[in-house]
1. Looking at the range 238-255, can you tell me whether even one residue there is closer than 13 Å to residue 313 by Cβ, within 11 Å of ligand 2 (Cβ to nearest atom), surrounded by 15 or more Cβ atoms within 10 Å (Cβ to Cβ) and touching a residue at least 24 places away in the same chain (Cβ under 8 Å)?
2. Looking only at the range 120-151, how many residues end up being touching a residue at least 12 places away in the same chain (Cβ under 8 Å) and loosely packed, with under 12 Cβ neighbours inside 10 Å?
3. How many residues, within the range 131-144, are assigned to a loop (DSSP other than H, G, I, E, B) and over 27 Å from the mean Cα position of the chain (by Cα)?
4. For residue 257, are the conditions met, namely being in contact with a helix residue (DSSP H, G or I) (Cβ under 6 Å, 6 or more places away or on another chain), modelled with pLDDT of 95 or more and over 23 Å from residue 151 (Cα atoms)?
5. Show the residue pairs meeting these rules: Cβ distance below 7 Å; 6+ apart or different chains; first residue within the range 295-308 and under 9 Å from residue 208 (Cβ atoms) and part of a helix (DSSP H, G or I); second residue within 16 Å of ligand 2 (Cβ to nearest atom) and modelled with pLDDT of 95 or more.
6. If residue 223 satisfies every condition in (1) touching a residue at least 60 places away in the same chain (Cβ under 8 Å); (2) away from ligand 2 (no atom under 16 Å from the Cβ); (3) surrounded by 23 or more Cβ atoms within 10 Å (Cβ to Cβ) but one, which is the exception?
7. Is it fair to say residue 237 is at pLDDT 95 or above, more than 16 Å from ligand 1 (Cβ to nearest atom), part of a helix (DSSP H, G or I) and farther than 20 Å from residue 167 by Cβ?
8. Among (1) in contact with a strand residue (DSSP E or B) (Cβ under 9 Å, 6 or more places away or on another chain); (2) part of a helix (DSSP H, G or I); (3) touching a residue at least 40 places away in the same chain (Cβ under 8 Å), there is one condition residue 117 misses while meeting the rest; what is its number?
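The values are calculated or read from the model by the stated rules, or taken from the named source; none is laboratory data. As the structure is a computational prediction, the values presented were derived from the model and not from experiment. A quick note on method: Cβ atoms are made from the backbone with ideal geometry, for glycine too, and the neighbour counts reach across all protein chains shown.
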Ligand SMILES: *[C@@H]1O[C@H](CO)[C@@H](O)[C@H](O)[C@H]1NC(C)=O
Ligand SMILES: *[C@@H]1O[C@H](CO)[C@@H](O)[C@H](O)[C@H]1NC(C)=O
């Protein structure tokens with residue numbers, strides 16, 4: 001009899017415990033729902049700038065007089081419409097102080113083109129800033145022209161760009177601010193990676209990895225100069241300190257001047273470049289990178305440059321700089 005009572009009471013206790021546990025469970029779920037509801041409300045409320053009395057105005061604007069901006073270094077080849085479009089766009093960006101157009105065509109720029117661009121440079125800046133416009137005329141057509149030393153640079157920062165892609169001013173200014181916190185580093189929008197060929201007896205130990213490889217691995221070791229900030233001193237180093245055989249290789253193959261620049265900067269800093277998040281608009285055809293066999297040629301360049309420098313100078317990284325105003329979570 002005693003044994004039976006204790007059995008019943010044990011069962012009752014067990015049942016009671018289960019009910020208690022499930023009650024606690026549903027309470028937790030309700031609490032979770034409530035928290036997410038409050039969170040959603042906060043999120044919605046924070047979309048209006050007056051939330052908590054914070055607005056865009058409470059962030060102090062950057063004082064343009066107390067610091068220098070950047071020089072736009074644009075490479076162009078017989079695409080005058082793209083050039084006009086690019087220059088028109090970038091002259092509206094607040095940090096732009098001067099423009100160098102790398103000109104390697106046999107004929108000098110035409111009068112109407114020069115007139116048009118001079119007009120754009122004068123009339124476009126909204127705050128009445130003076131922007132210097134210079135054509136850097138080259139006799140020879142070589143890809144090394146795009147990294148010739150600037151004669152009288154008025155800024156430390158160079159924004160190197162191709163004429164067929166456009167970045168909104170907000171992206172450019174963001175990348176510029178990243179560069180200012182690391183002025184020896186290359187900062188830009190188009191990352192690439194070097195990979196290692198695992199197979200034995202390979203001709204080339206390193207492989208050039210394009211956009212897909214960067215996407216797949218989340219890693220990069222180069223920033224292409226078709227859209228990047230770097231210090232103007234690297235133009236001097238590219239022109240004067242690069243091995244002549246390497247410059248000759250770039251000139252002959254008409255390729256890889258951007259990889260060479262990445263090797264040079266990495267050799268000087270021992271550090272990786274910085275990939276800045278930005279919006280890209282392609283306004284022209286994709287040019288050389290859409291031609292077949294491009295990746296093989298680039299792989300050849302990487303391996304060639306390793307032997308020119310005596311070591312692999314590129315440093316891989318997974319860091320990406322993002323504007324914290326456009327991210328929700330810490
Ligand atoms: C790796 O090297 C081997 C041997 O040279 C070659 O056949 C293969 O294509 C290389 N892999 C890549 C991805 O280039
Ligand atoms: C690479 O770095 C080494 C060591 O700092 C330096 O001696 C060499 O001149 C650099 N090479 C180039 C091409 O800048």
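1. yes
2. Selection size over the range 120-151: 3.
3. Going through the range 131-144 one residue at a time, the tally reaches 4.
4. Criteria not met by residue 257.
5. Once the first residue is under 9 Å from residue 208 (Cβ atoms) and part of a helix (DSSP H, G or I) and sits in the range 295-308, its partners that are within 16 Å of ligand 2 (Cβ to nearest atom) and modelled with pLDDT of 95 or more give 298/256; 298/259; 301/256; 301/259; 302/259.
6. Only one criterion is unmet by residue 223, namely (1).
7. On the way: at pLDDT 95 or above: yes; more than 16 Å from ligand 1 (Cβ to nearest atom): yes; part of a helix (DSSP H, G or I): yes; farther than 20 Å from residue 167 by Cβ: yes.
Considered against the rule, which asks whether it is at pLDDT 95 or above, more than 16 Å from ligand 1 (Cβ to nearest atom), part of a helix (DSSP H, G or I) and farther than 20 Å from residue 167 by Cβ, residue 237 comes out as yes.
8. Exception for residue 117: condition (3).
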